[in-house]
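The values are calculated or read from the model by the stated rules, or taken from the named source; none is laboratory data. Note that the coordinates shown come from a computational prediction; the quantities given were computed from them, not determined experimentally. Every residue, glycine among them, receives a Cβ derived from its backbone with ideal geometry; neighbour counts consider all protein chains shown. With ligands, DNA and RNA removed, areas are computed over all heavy atoms of the protein, side chains included. Shrake-Rupley method; radii C 1.70, N 1.55, O 1.52, S 1.80 Å.
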Amino acid sequence: MTNVLLRPARDGECGELSALCLRSKAVWGYDAAFLEACRAELSIRPADLDPGLLHVAEVDGKLVGVVQITPEGADLHLDKLFIDPGILRTGIGRRLLDWAVSRAAELGAARLVIDADPGAADFYRRMGATDAGVVASGSIPGRFLPRLELLLADPAGR
Ligand SMILES: CC(C)(COP(=O)(O)OP(=O)(O)OC[C@H]1O[C@@H](n2cnc3c(N)ncnc32)[C@H](O)[C@@H]1OP(=O)(O)O)[C@@H](O)C(=O)NCCC(=O)NCCS
């Protein structure tokens, strides 16, 4: 897809972006109770709209993706990467992940750490990430997620 605009989010887009995250998460077939338990973690608030840490993808004036990163020590953590279900596998996830990786390099991070939905783990592996254990879900007690990492100093990493 060529007509994709990556840009910072604007004031007033938090509600639409939070809805996009939930709609996107639902592609893996989770039920309503599960999605409700994830709602807080998937919400985007005005304080999140740091243009250096959050970007959106827009196609024809419509928000179709969002990525959010957070510095954590020497690492950068991928907090959110959500693409509209109607536009999966058209390269927007790759574009937004590329933005996160280039920001990580600008910020001097050694690696990008990704606590992935199990359904998305193969996407990250396809993007060059390697497995780095498991981590407890922030939303569902007792659930564990695959942790992956993109080593930014590794030229073969992507
Ligand atoms: C995971 C996700 C972000 C991928 O975004 P996308 O825009 O569909 O991915 P792209 O089109 O950029 O795909 C890039 C490559 O990865 C591959 N790919 C995409 N999703 C994949 C998947 N689930 N499993 C394996 N490969 C995948 C594509 O085929 C493409 O391969 P190529 O290099 O041969 O062209 C998207 O599926 C999504 O938002 N899922 C729901 C929400 C979610 O789980 N987000 C991640 C939270 S950790």
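Counting just the residues of the stretch 33-68 that are in contact with a helix residue (DSSP H, G or I) (Cβ under 8 Å, 6 or more places away or on another chain) and of a type in the set (Lys, Arg), which one comes out nearest to VAL4 (Cα to Cα)?
So the residue we want is ARG45.
Just need a number here: residues in the stretch 47-57 that are open to solvent by 70 Å² or more (accessible area, probe 1.4 Å) and not in a loop (DSSP other than H, G, I, E, B).
Pass one, the stretch 47-57, residues open to solvent by 70 Å² or more (accessible area, probe 1.4 Å): 47, 51.
Cutting the leftovers down to not in a loop (DSSP other than H, G, I, E, B) gives us 47.
Residues meeting the conditions: 1.
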Restricting attention to the stretch 22-52, the residues that are more than 30 Å from GLY142 (Cβ to Cβ) and either aliphatic (A, V, I, L, M) or within 16 Å of the ligand (Cβ to nearest atom) (or both) number exactly 1
GLY73: more than 9 Å from the ligand (Cβ to nearest atom), open to solvent by 70 Å² or more (accessible area, probe 1.4 Å) and modelled with pLDDT under 95, yes or no?
-> yes
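Restricting attention to the stretch 9-46, report how many residues are open to solvent by 70 Å² or more (accessible area, probe 1.4 Å) and either closer than 13 Å to LEU63 by Cβ or acidic (Asp, Glu) (or both).
Of the residues in the stretch 9-46, 8 are open to solvent by 70 Å² or more (accessible area, probe 1.4 Å) and either closer than 13 Å to LEU63 by Cβ or acidic (Asp, Glu) (or both).
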If we keep only residues of the stretch 99-130 that are among the small types (Gly, Ala, Ser) and more than 12 Å from the ligand (Cβ to nearest atom), then the residue least open to solvent (accessible area, probe 1.4 Å) is ALA104
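Inspect the stretch 90-98 for any residue being farther than 22 Å from ARG143 by Cβ, of a type in the set (Val, Ile, Thr) and surrounded by fewer than 19 Cβ atoms within 10 Å (Cβ to Cβ) and give the result as yes or no.
yes
Conditions tested, residue by residue: (1) closer than 18 Å to TRP28 by Cα; (2) touching a residue at least 40 places away in the same chain (Cβ under 8 Å).
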| site | (1), (2) |
| --- | --- |
| PRO46 | no, no |
| LEU54 | no, yes |
| GLY86 | yes, no |
| GLU106 | no, no |
| ALA121 | yes, no |
| ARG125 | yes, no |
| ILE140 | yes, yes |
| LEU145 | yes, no |
| LEU152 | no, yes |
Exercise. ARG95: of a type in the set (D, E, K, R), more than 25 Å from PHE34 (Cα to Cα) and in contact (Cβ under 8 Å) with a residue 60 or more places away in the chain, yes or no?
Worked result: yes
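Of ASP154, ASP98, ASP115, which residue is modelled with pLDDT under 95, out of contact with any Cys (no Cβ under 7 Å at 6 or more places or on another chain) and of a type in the set (Asp, Glu)?
Criteria check complete, one pass: ASP154.
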For strands (runs of 3 or more DSSP E) lying entirely in the stretch 82-158, having 2 or more residues that are closer than 24 Å to ARG23 by Cβ picks out 111-115, 144-151
Scanning the stretch 58-81 residue by residue, the ones that are under 22 Å from VAL27 (Cα atoms) and not in a strand (DSSP E or B) total 0
